Amino acid sequence: MNATILFIVVLYLFSTNADPGKTNTIEIREWENNLIKDELSCINSTGVSLSVIERTKVTLELPEDDPKYKQYLKCFYMKRSYQNDSGEVLYDNIKIMIHQFTNATEATRIIDLCKEMKGTTPEENAFVAQKCLLNLFHPKSEEEEKTEE
């Protein structure tokens, strides 16, 4: 369960078009619906296997040798404004989202480490970015937040 939540935070909550801090239930549902819509659009356009997507949510392991998965990530990053038409990952946009889950210093540290890593294609750029973010970004669990109070 925690692995699924972490994956969702790292991939699906990266959105410059939405604010996960929203308290209005209608806004949250609309935001979630947009994320699902983008995810399904990219699944359909790339032909990536739904089982591959589900497996990555559970294991947090990204499939290194699956070109369709990498196409899916590129598609999703572009829809969420995390990658431009040239294939460059837009880390400043990602940083905005990360900052909503951690402090500015930690968000900057994560982005500074990840932005140095680049792939050889736009698909590889999205994959390398996602892998780095997944490895470095660990939002606090509910238990950790309670112990700090």
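Computed from the coordinates by the stated procedures, all read-outs in this text should not be read as laboratory data. No experiment lies behind these values; they were computed from the predicted model shown. No Cβ is skipped: glycine too gets one built from the backbone with ideal geometry, and neighbour counts run over all protein chains shown.
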### Message
Can you bin every Cα-Cα distance in the stretch 61-116 into 5 Å intervals starting at zero and give me the percent of pairs per bin, rounded to whole numbers?
### Response
4, 18, 23, 21, 21, 10, 3
## Note on the structure
When Thr102, Thr46, Thr25 are arranged by how many other beta-carbons sit within 10 Å of their Cβ, fewest first, they go Thr25, Thr102, Thr46
